[in-house]
Amino acid sequence: MRLYIAGHRGLVGSALMRAAVGTGAEVLTRTRAELDLLDAAAVRKFYVETQPTHVIVAAAKVGGIKANNDFPVEFLLENLTIQNNLIAGAYDAGVRKLLFLGSSCIYPKFAPQPIREDSLLTGALEPTNEPYAIAKIAGIKLCQAYRRQYGADFISAMPTNLYGPHDNFDPLTSHVLPALIGKFHRAKQAGASSVTLWGSGTPRREFLHVDDLARACYLLLERYESPEPINVGTGEDVTIRELADLVRAAVGFEGEIAWDATQPDGTPRKLLDVSRLKELGWQPQVALPDGIAAAYQWYLDNVPAQ
Ligand code: GFB
């Protein structure tokens with residue numbers, strides 16, 4: 001397997017790099033300076049020159065609820081462009097197998113829980129991340145179209161909310177778990193008496209350590225050959241309040257938590273049905289409290305100016 005990991009420096013891509021060790025794969029990477037994924041001609045040239053047999057599309061414009069809400073143009077346009085370039089270019093260069101990574105936000109806001117893969121396109125999306133979700137749905141559809149029209153073995157996986165090393169900890173653009181690590185840590189350092197979190201704290205979210213996702217991706221490259229997207233999650237969720245208590249305990253912050261109701265809650269719940277993936281023999285290995293402790297340690301070791 002000559003594997004191109006698009007987005008190898010991100011949260012997902014760096015986990016794919018760690019998990020590639022021992023698979024026997026020859027891994028190809030390019031930094032953003034070396035290859036602009038928004039440039040279709042450059043992507044095609046790269047494919048022709050390097051001839052990968054397999055591709056994982058882990059490159060995307062991503063962010064938490066506020067970033068999604070504030071930058072709808074970038075979340076729609078950049079994601080569509082990057083994935084179109086990577087998917088169409090891969091087919092034209094004769095790539096044997098491609099794995100496109102989406103997100104659990106592709107499912108309807110009020111989908112029955114836990115969310116099965118066949119909930120796709122059965123209802124309205126959550127408005128705060130509709131542009132991102134539409135782009136990801138278009139990616140699934142493009143992979144399905146290449147399979148139906150040309151017989152390409154292009155598959156899609158839908159991970160739940162991810163966290164781990166190389167996450168984005170910026171308080172404004174990050175997802176909730178890294179945001180909370182940063183907020184509680186800075187409050188502890190400053191001796192603050194309270195930390196303000198967003199929304200009501202009542203939404204439920206499922207959190208998967210990115211190393212568990214990476215293991216699933218290699219399994220899917222080997223064993224999954226269906227046009228249907230496949231969910232990747234733990235099958236368990238917590239409220240944002242419960243998450244806040246776990247992160248506060250891991251960081252050792254002893255003050256209060258205040259909730260800013262002017263910030264959006266987003267979808268009330270998005271717990272994935274992961275029976276299809278479990279049937280292939282995959283199980284998550286990182287328990288949430290252990291994963292949070294490890295993510296906090298990574299933050300302490302790697303994120304400057306705390
Ligand atoms: O992780 P998150 O930003 O995104 O927020 P989504 C999850 C929940 O945590 C929301 C609450 O209910 C937030 O209101 N929250 C509380 C916070 N405090 C904070 C905070 O300090 N920062 C953040 N970020 N949230 C994203 C989508 O949705 O999930 C993306 O916008 C993508 O498209 C991603 O699908 C996985 O889970 O709501």
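Every number in this text was worked out from the coordinates using simple rules, so none of it is lab data. Because the structure is a prediction, the values reported are computed rather than measured. Glycine also receives a Cβ, built like all others from the backbone with ideal geometry; neighbour counts cover every protein chain displayed.
What the table below lists for this structure:
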read-out: Residue match in segment 146-155 (condition: out of contact with any Phe, Trp or Tyr (no Cβ under 8 Å at 6 or more places or on another chain), more than 10 Å from the ligand (Cβ to nearest atom) and among the acidic types (D, E)); value: yes
read-out: Of all residues in segment 76-119 being away from the ligand (no atom under 16 Å from the Cβ) and in a strand (DSSP E or B), the one that is surrounded by the fewest Cβ atoms within 10 Å (Cβ to Cβ); value: K97
read-out: Exclusive hit being in contact (Cβ under 8 Å) with a residue 24 or more places away in the chain and in contact with a Ser or Thr (Cβ under 6 Å, 6 or more places away or on another chain), set Y224, Y218; value: Y218
read-out: Restricting segment 169-207 to residues that are more than 10 Å from the ligand (Cβ to nearest atom) and not in a helix (DSSP H, G or I), the residue that is nearest to T267 (Cα to Cα); value: F169
read-out: Odd one out for F253, checked against (1) under 22 Å from the mean Cα position of the chain (by Cα); (2) in a loop (DSSP other than H, G, I, E, B); value: (1)
read-out: Criterion: more than 15 Å from D273 (Cβ to Cβ) and in a loop (DSSP other than H, G, I, E, B) - qualifying residue of A133, A138, A145, A124; value: A124
read-out: Condition check for P165: outside any helix (DSSP H, G or I), free of Cβ contacts under 8 Å to residues at least 60 places away in the same chain and not small (G, A, S); value: no
read-out: Residue tally, condition surrounded by 17 or more Cβ atoms within 10 Å (Cβ to Cβ) and more than 19 Å from the chain's Cα centre (by Cα), over segment 1-26; value: 2
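Residue by residue, here is whether (1) touching a residue at least 60 places away in the same chain (Cβ under 8 Å); (2) surrounded by 22 or more Cβ atoms within 10 Å (Cβ to Cβ); (3) aliphatic (A, V, I, L, M) holds:
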residue	(1), (2), (3)
L37	no, yes, yes
K45	no, no, no
E49	no, no, no
I56	yes, yes, yes
A59	no, yes, yes
